[in-house]
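Working notes for the structure below.
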Amino acid sequence: MKLKRTLSIIKPDAIQAKFQGKILDFLEDKGFNILAQKRIKLTKSQAEAFYEIHRDKPFFNELIEFMISGEISVQVLEAEDAISYYRTVMGNTDPNEADEGTIRKLYGTNIQCNAVHGSDSEENANNE
Ligand code: CMP
């Protein structure tokens, strides 16, 4: 099968907790190629644009404040069926609901501070 790409973000909670190295090791152990990586701090307008799809959600403002509260680490990941595979490896959005052995179960705190983001479709992966 052809290798595909997805976008991953290690969020401020996981960076703050010094889980970046563990998460990157975990991704390589799961077979992802890390094609590119950049550590950045989002501006408010960048975070709002990135999460535009959630603008009408009650948690939107809190999500934006969280995402600009510290640095993030952004990766381009490559694997077979990368988008759905990464979503499986991340686990449920809510770490309390996530399966054992998933990134969010291992490194997430709650439904907002859930350690990582991954694209949910090929269109969004390209946009992101
Ligand atoms: P992510 O996969 O990056 O996509 C949207 C983000 O919004 C999600 O991870 C969480 O960080 C956050 N989120 C989703 N649902 C909630 C919620 N009910 N309350 C607070 N934050 C949420």
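Surface composition of the chain: carbon and sulfur make up 46 percent of the accessible area, probe 1.4 Å.
Electrostatic tally near residue 114: other residues with Cβ closer than 9 Å to its Cβ, Lys and Arg +1, Asp and Glu -1, net 0.
Net charge around residue 89, counting only other residues with Cβ within less than 15 Å of its Cβ (Lys, Arg = +1; Asp, Glu = -1)?
Its environment carries a net charge of -2.
The Cβ shell under 14 Å around residue 40 holds other residues with a net charge of +3, Lys and Arg each +1, Asp and Glu each -1. Stretching the chain fully between residue 41 and residue 57 yields a gain of 3.5 nm (0.36 nm per residue, less the alpha carbon separation). Each stretch of four or more DSSP H residues adds -39500 (n - 2.57); spread over every residue of the chain, this sum gives -10000 deg cm²/dmol at 222 nm.
Taking 16 Å as the straight-line reach from the Cα of residue 11, the lysines in range (excluding those fewer than 8 positions away in the same chain) are 22, 38, 41, 44, 105. Annotation: the chain has a Kirkwood hydrodynamic radius of 14.6 angstrom, from the mean reciprocal C-alpha pair distance.
Applying a 10 Å radius around every beta-carbon, put 100-111, 45-56, 23-34 in order of their mean neighbour count, most first. Working shown, then result.
Working: 100-111: 17.8, 45-56: 13.2, 23-34: 15.1.
Per-residue mean Cβ counts within 10 Å order the peptides as 100-111, 23-34, 45-56.
The values are calculated or read from the model by the stated rules, or taken from the named source; none is laboratory data. Please read all numbers here as calculations on a predicted model, not as lab measurements. For neighbour counting, all protein chains shown are included, and Cβ atoms are generated from backbone atoms with ideal geometry for every residue, glycine included. For the accessible areas, the whole protein counts, side chains as well, though only heavy atoms, and no ligand, DNA or RNA atoms are used. Shrake-Rupley method; radii C 1.70, N 1.55, O 1.52, S 1.80 Å.
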